[in-house]
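*Asks:* One structure coming up, written as structure tokens, with questions to follow.
No lab work stands behind these numbers, since they all come straight from the coordinates. If you're wondering where the values come from, they're calculated on a predicted model, not measured in any experiment. With ideal geometry, Cβ positions are generated from the backbone for all residues, glycine too; neighbour counts draw on all protein chains shown.
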């Protein structure tokens, strides 16, 4: 299985989001026990680098950081960014992504 195949990319995405969910769970447990916490910047960075689904799922299921601002708003902004990027990737005309990658080289 090659890395460029859609199924492989989807499985990597799912695995990363499971890891992000676990990191949020770890932080929630640390908060309950008064132990060392994971920084908000780290949690948001994980969401930004592709773990927004895991982050939002953990936030809702674990009830973690649901009232904390600006964390909540920043996480929702990251989700919107990911939805727009995914929509562009799915609906972009053929060749558009290749042209963008060529510009980045």
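*Asks:* Rounded to the nearest Å, what's the spacing between the alpha carbon centres of region 3-24 and region 29-89? Just the number, please.
*Replies:* 16
*Asks:* Quick check on packing: order 32-43, 47-58, 11-22 by the mean number of other C-beta atoms within 10 Å, highest mean leading.
*Replies:* Packing order, densest peptide first, comes out as 47-58, 11-22, 32-43.
*Asks:* Is it possible to state the helix-based mean residue ellipticity at 222 nm for the chain, with each DSSP H run of 4+ residues giving -39500 (n - 2.57), the sum divided by total residues, to the nearest 500 deg cm²/dmol? What is it?
*Replies:* Taking each H run of at least 4 residues, the total per residue is -24000 deg cm²/dmol.
*Asks:* So for region 6-104, what percent of the C-alpha to C-alpha distances run longer than 16 Å?
*Replies:* 61
*Asks:* Could you sort the peptides 80-91, 59-70 by per-residue average Cβ neighbour count (10 Å cutoff), highest mean leading?
*Replies:* 59-70, 80-91
*Asks:* Could you calculate the FRET efficiency of residue 60 with residue 7 from 1/(1 + (r/R0)^6), where r is the beta carbon distance between them and R0 is 25 Å, rounded to 0.05?
*Replies:* Given R0 = 25 Å and the Cβ-Cβ separation, E is 0.40.
*Asks:* Go ahead and run the numbers for FRET between residue 31 and residue 79, Cβ-Cβ distance against an R0 of 25 Å, rounding to 0.05.
*Replies:* Efficiency for this residue pair is about 0.65.
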